[in-house]
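Trainee: Below is one structure. I have some questions about it.
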Amino acid sequence: MPQNIVFTPEALELQAKAREIADKYVRPSAAKYDKAQEYNHEAARAVAEAGLFKVFVPKEYGGYGAGALALALVTEELARADSGFGVAYAVNSLGATPIVVGGTDEQKKRWLPAIARGEKFVAFCLSEKFAGSDAGGLSVTAERVGDEYVISGEKKWTTNGGVADVYSVFCVTDANSSSRRISAIVVEKGTPGFTVNKIEDKMGIRCVPVVETHFDGVRVPVGNLIGGREGLGFKHAMQTLDRARPGVAAQAVGAAQGALDLAVVYSNRRKQFGAPISSFQMVQKMLADMAIKTEAARWLVYASAAAIDTGMSNVTKIAAMGKCFATDTAMEVATDAVQVFGGYGFMEDYPIAKYFRDAKILQIYEGTNQIQRMVVARNLIKESEALAHLDAYIPREEQKSYRANVPAKT
């Protein structure tokens, strides 16, 4: 756990820019783009002009290299106004991260500067119909033929698909290997054989496309293999998800805060029995619990982002904790906000219904919260040796039984 969470002047300036864009370009048109299921290009242009796509790109490749905490602050502000647009923004970082953590210098120079300028959007192609949480169970293949890879198969739930210009695609390059089965390859929009065949009709985050991406003998140069060596894809995927989870968690914090904001305002305006409902103790309890959990989630997310920025060797556990707690909180807060609105909360005329619809996906994508809990538990078990001094507090008979069941070290 990081001992100090440092908000640099740069990070706070970026946060302020994001808040300004959220108020001017995102919140006023959130309902419009949700109903039309269209991408908010106007807001994306404003984000690019403000330099906010530079946050997650290293300085040497045209970005700010501002770090995970700055990215969390920016994402939170955008998602507070519209959780869907928060996803649309953050997924560019997700798609670019395999190149950032694993790409060669030539690959980084080739793609990252345009991403930083907001000239090219990015998508992350990992999930498949039969490989969601099981990232090792991919079936899309990439066969090397001369100086090219030929990619075949279908990816599911590609966020930003169709809008994106650059796709980080995870493929099987060695079906006979257990540890180096997967590689990551960049595919660019317009490559022959690469198509978007289905745009999903979603419950929430409707302003950002989620699609099926199809690869029908797509040929790309060997130079598009991220890292220049086969078999690094699973490592790149796990590194990416560890670094991206604070971003998803920040989306959740923003969504929770946005729902809470609306609930507080509505509870002060809505009168029943001659008084605003905010004066009723049951409503006050709901608002208090919503605020407490949102603030707790916020600081856990900031801690997980700071852990990445300070170079902690193992961020997996805290990243999973932040993602799990924040996204559960977003769903709970959105649900309670609907309750505060009463019957009106169930109507699409009021914006709180959209916060409720948008919140659910946060508990599912980039690792379901069931998987996050498994990750946390497994890390706790690995760390248990550090608690060996507590053996003295286990009754002797139980100690004998306990020790009998502990596998011997090899």
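Trainee: Run the numbers for Lys189 and Asp165: contour at 0.36 nm per residue of separation, minus the present Cα-Cα distance, in nm.
Mentor: Residue separation times 0.36 nm, minus the Cα-Cα distance, leaves 8.2 nm.
Trainee: Per residue of the chain, what 222 nm ellipticity follows from adding -39500 (n - 2.57) for every DSSP H run with n ≥ 4, rounded to the nearest 500?
Mentor: -16000 deg cm²/dmol
Trainee: Pull up the cross-link candidates among the aspartates and glutamates for Lys271, meaning alpha carbon to alpha carbon under 20 Å and not fewer than 8 places away within one chain.
Mentor: Lys271 reaches Asp261, Asp336, Asp349.
Trainee: Let me ask something else about it. Work out the charge dipole of segment 50-168 with +1 on the Cβ of Lys and Arg and -1 on the Cβ of Asp and Glu about the Cα centre, then indicate which of Gln107, Val140, Ala79 is farthest towards its positive end.
Mentor: Ala79
Trainee: Another one. Which of these, Thr191, Thr335, Thr316, has the largest mean-square fluctuation under a Gaussian network model of the chain (Cα springs below 10 Å)?
Mentor: Largest GNM mean-square fluctuation: Thr191.
Trainee: Another question about this same structure. Which value, in Å to one decimal place, does the Kirkwood hydrodynamic radius take for segment 207-246 when every pair of different Cα atoms is included?
Mentor: 13.0 Å
Trainee: Same structure, new question: Could you name the lysines whose alpha carbon sits less than 20 Å from that of Lys54, not counting residues in the same chain fewer than 8 places away?
Mentor: Qualifying lysines at Cα under 20 Å: Lys17, Lys108, Lys109, Lys120.
Trainee: Which Rg and Dmax, in Å, describe the Cα atoms of segment 9-121?
Mentor: 13.7, 42
Trainee: Restricting to the chain, compute how many DSSP beta bridges are antiparallel as a %, nearest 5.
Mentor: 85 percent
Trainee: Report the percentage of all Cα-Cα pairs in segment 208-362 whose separation exceeds 26 Å, rounded to a whole percent.
Mentor: So the portion of pairs separated by more than 26 Å is 44 percent.
Trainee: Follow-up. GluC sites (Glu not before Pro), restricted to segment 113-181: which are DSSP loop and have at most 12 other Cβ atoms within 10 Å?
Mentor: Glu119
Trainee: Here's something else I'd like to know. Please provide three numbers in whole Å: the alpha-carbon extents of the chain along the principal axes, with the largest listed first.
Mentor: That works out to 79, 68, 41 Å along the principal axes.
Trainee: May I pose another question? Suppose every Lys and Arg Cβ carries +1 and every Asp and Glu Cβ carries -1, with no other charges. What dipole size does the chain come out with about its Cα centre, to the nearest 20 debye?
Mentor: It comes to approximately 400 debye.
Trainee: While we're on this one: So which chymotrypsin sites (Phe, Trp or Tyr not before Pro) in segment 273-336 end up in coil per DSSP with only 14 or fewer other C-beta atoms within 10 Å?
Mentor: Listed in order of number, the matching sites are Phe273, Phe280.
Trainee: Which lysines does Lys360 reach when only Cα atoms under 24 Å apart count, and residues fewer than 8 places away in its own chain are ignored?
Mentor: Cross-link targets: Lys32, Lys35, Lys129, Lys155, Lys156, Lys198, Lys202, Lys285, Lys293, Lys317, Lys323.
Trainee: OK, next. Within the chain, which whole H helices from DSSP have a Cα span along their axis of at least 15 Å and a mean Kyte-Doolittle hydropathy of 0.5 or more, if any?
Mentor: Membrane-span-like by this criterion, though nothing is claimed about a membrane: 68-81, 83-102, 316-341.
Trainee: Anyone know which of Tyr393, Tyr167, Tyr344 comes out most mobile in the 10 Å Cα GNM of the chain?
Mentor: Tyr393
Trainee: With a cut-off of 8 Å between alpha carbons and a minimum separation of six or more residues, what is the relative contact order of segment 76-234 in percent?
Mentor: Rounded, it is 26 percent for segment 76-234.
Trainee: Projected onto the charge dipole of segment 297-352 (+1 at Lys/Arg Cβ, -1 at Asp/Glu Cβ, origin at the Cα centre), which of Thr316, Phe346, Thr329 gives the Cα projection farthest towards the positive end?
Mentor: Thr316
Trainee: Shifting gears a bit: Please identify the GluC sites (Glu not before Pro) of segment 1-68 that satisfy two criteria: DSSP loop assignment and at most 15 other Cβ atoms within 10 Å. Which are they?
Mentor: When the GluC sites (Glu not before Pro) of segment 1-68 are filtered for loop state and at most 15 Cβ neighbours within 10 Å, Glu38 remain.
Trainee: May I ask you to derive the relative contact order of segment 9-121, considering only C-alpha pairs under 8 Å and at least 6 residues apart, and to give it as an integer percent?
Mentor: With pairs under 8 Å counted, the relative contact order is 33 percent.
Trainee: To two decimal places, what compactness ratio does segment 110-269 give when its Cα radius of gyration is scaled by 2.2 N^0.38 Å?
Mentor: 1.18
Trainee: I'd like to know which of Tyr365, Phe215, Val91 lies farthest towards the positive end of the charge dipole of the chain, counting +1 on Cβ of Lys and Arg and -1 on Cβ of Asp and Glu.
Mentor: Tyr365
Trainee: Which whole-number percent is the relative contact order of the chain (Cα, under 8 Å, 6+ apart)?
Mentor: Rounded, it is 17 percent for the chain.
Laboratory data are not the source of any read-out in this text; all were calculated from the coordinates shown. Just so it is clear, the model here is predicted, and its values are computed rather than measured. Because the Cβ atoms are built from the backbone with ideal geometry, glycine has one as well, and the counts that use them run over all protein chains shown.
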